[in-house]
Amino acid sequence: MSKGGKHHPDWILRRCCGSIAACILTLAVLVGFIVLVIYLAIHPSKPSFYLQDVQLRNIDLSDPAISLNLQVTIASRNPNDRVGIYYKTLHVFTTYRDEPITVPVALPAIYQGHKDVSVWSPVMSGESVPVGQYVADAMKQDIGAGYVLLHVKVDGRVKWKVGSWVSGSYHIFANCPALLAASGNNIGGAFAMSATAGVGAGHNATVSLKFAQAADCTVEV
């Protein structure tokens, strides 16, 4: 009896702890289920991104690095009727043939209401960005042909907001094609093309590239 009585309080304590843990687990499952039902019922759609403008200010094709400066205008639209979007820690950068050619620039974090549209106009630059020789050669060839296809990319995190409830953080990635084409007039960014780009030795040619048209971006969330 004394031995059983000695361990009786421990048995009660273990039973109480087990009951409390079971209640907490049940509550967590219930809350998760409610959140899942709300999420599935609302089913938030990913935002749409559009590249509205690109102004190429200058570019230097010094082998084997690239230096350039450009300003882009990017718009995003929240297509949801009942879901707001928090844009967190967004960064934008430019690539050419999958090679980054500008330093990532942070965009202001914002909240986007239902059906709202937001616009950013960041300036991006890269100073003597090292690239593969084939990349530098390809850009010179493209310029000689009268066009360059860049990609403006947005990388960051978003949260969904429904009423007072805010979701966890989700990764978002947008890829926007930016086609720049040669212009007969000196409109847009003008820059000097080196001799290795097809210009006679010791001479530079001024080429003007203009953003061809606004483009839809592919978006992954």
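Values quoted throughout were computed directly from the atomic coordinates according to the rules given, and no laboratory measurement underlies them. Because the structure is predicted, anything quoted here is derived from the model rather than measured. Glycine also receives a Cβ, built like all others from the backbone with ideal geometry; neighbour counts cover every protein chain displayed.
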- Violating pairs (Cα-Cα greater than 27 angstrom) within the set Lys46/Lys153; Lys88/Lys140; Lys46/Lys140; Lys46/Lys210: Lys88/Lys140; Lys46/Lys140; Lys46/Lys210
- Between the DSSP loop rule and a limit of at most 11 other Cβ atoms within 10 Å, which trypsin sites (Lys or Arg not before Pro) in region 86-128 are left? Lys115
- Message: What distance in nm separates the two pseudo spin-label positions at Phe173 and Gln133, each 7 Å out from Cα along the beta-carbon direction?
- Response: 3.0
- Note on the structure: Simple spin-label estimate for Val105/Gln141, 7 Å along Cα→Cβ, in nm, reads 3.0
- Task: Give me the number: length gained by fully extending Arg97 to Trp165, i.e. 0.36 nm times residue separation minus the C-alpha to C-alpha distance, one decimal in nm.
- Result: 20.4 nm
- Query: Which of the aspartates and glutamates could a cross-linker bridge to Lys161, judged by Cα under 19 Å and excluding same-chain residues fewer than eight apart?
  - Reply: Asp81, Asp116, Glu220
